[in-house]
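Scroll down for the structure; my scribbles are underneath it.
The values are calculated or read from the model by the stated rules, or taken from the named source; none is laboratory data. If you're wondering where the values come from, they're calculated on a predicted model, not measured in any experiment. Cβ: placed from backbone, ideal geometry, glycine included. Neighbour counts: every protein chain shown. Calculation scope for accessible area: heavy atoms of the full protein, side chains included, ligands and nucleic acids excluded. Shrake-Rupley method; radii C 1.70, N 1.55, O 1.52, S 1.80 Å.
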Amino acid sequence: MPAGLALLAVALAAPSAEVPPNAALPPLVTYELLESTRSVTPAGERTVSAGGTVAVRGSRARWDLTHGTFPRSSASSVVAGADGVTLLDRQEKLAASASAADFVALFSGRPSDPGAAAPAVRDVTVALRPAGEGRAFQDLPTSRFRLEAVWTIVLSAPGRITRVKTEAAGVIETADLPEALSSLDSLARFLPARGEAREAFGKELEKVTGLPVFAEITVTSTSSTEVPGIPSGTEPPPKPATTRSTATRRVRNLAVRPGKRGDEALVSVPEDFRTRGLDRLVREREMP
């Protein structure tokens, strides 16, 4: 049995909280979620993936990875709700509270040294547009959205100016499954944007309706360097460097069943986990 499904079985056997006999219980939604990012840089190729089982009940959800951990952390599960998220280190039985932004930041790559350069985000254009029907998902119709974006980051350091132009393009397909929606659906973790660009993405992604059952977004960044004060022709400028990454999200084997007493354990922090600070589970934390 896959590790994610085994965790669901254990949670089902756990003691449940008291629920009024006549209370309406929300349905339980489960599905398999796989997200991966393949990056090609001048230093070579790298693929990072996170896959496992998601359980959604009402306003809460839990994602248990089948193997490995989330980037830059020892967490192998995350519980999400209206009040933020809780990262879970299942091996050490540790829990750490965090914000939704903290979770997204884990996927943004290693934070840069704030003393190395003063970054400025310029020329931001982000557009998300409906694009008709998508491919069927488990015999359900889907809606398709197309994402296009461009922005430039300027890094100014003593004697050097680096410009990084980034272009993002992709497609998102969603299914009308309101009972399956949760804050884990955010696609912000697919986009390595900061500052004004991140805010623009946030506003556009709010236009996505339904559960994203498929998404593929390609991000291409090209950096060029200028050395002010050196006469042109003295020495050739450094060649532009290009980095390309493709992030993919796939949902499979989605199932919905009526709610039962005890389902709350599937989307909660286990009682035997110890609470610790976020820095205990997260490495190289991005500071505001």
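Key figures
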item: Å² of accessible area per residue within region 143-187, as computed with a 1.4 Å probe and no ligands counted; result: 43 Å²
item: Qualifying aspartates and glutamates (Cα of each under 19 Å from Cα of Lys207; at least 8 residues distant if same chain); result: Glu133, Glu148, Glu173, Asp176, Glu179, Asp185, Glu196, Glu199, Glu216
item: Portion, in percent, of the accessible area of region 146-236 that falls on carbon or sulfur, probe 1.4 Å; result: 52 percent
item: With DNA, RNA and ligands ignored, accessible area of Arg274 (1.4 Å probe; Å², nearest 10); result: 120 Å²
item: Exposure of Val154 as accessible area (Å², to 10), given a probe of 1.4 Å and all protein chains; result: 10 Å²
item: 29 Å Cα-Cα reach of Lys260 towards lysines, excluding residues that sit fewer than 8 places from it in its own chain; result: Lys93
item: Region 20-77 - percent of accessible surface contributed by carbon and sulfur, probe 1.4 Å; result: 54 percent
item: Arg146 paired with Arg283, simple spin-label distance in nm, labels 7 Å along Cα-to-beta-carbon; result: 4.1 nm
item: Qualifying lysines (Cα of each under 17 Å from Cα of Lys165; at least 8 residues distant if same chain); result: Lys239
item: Net lengthening on full extension, Lys239/Lys203 (0.36 nm per residue, minus Cα-Cα); result: 9.5 nm
item: Gain upon complete extension [Thr225, Thr47; 0.36 nm per residue less C-alpha separation]; result: 61.3 nm
item: Extended-chain gain in nm, criterion 0.36 nm per residue less alpha-carbon gap, Asp123 and Ala157; result: 10.2 nm
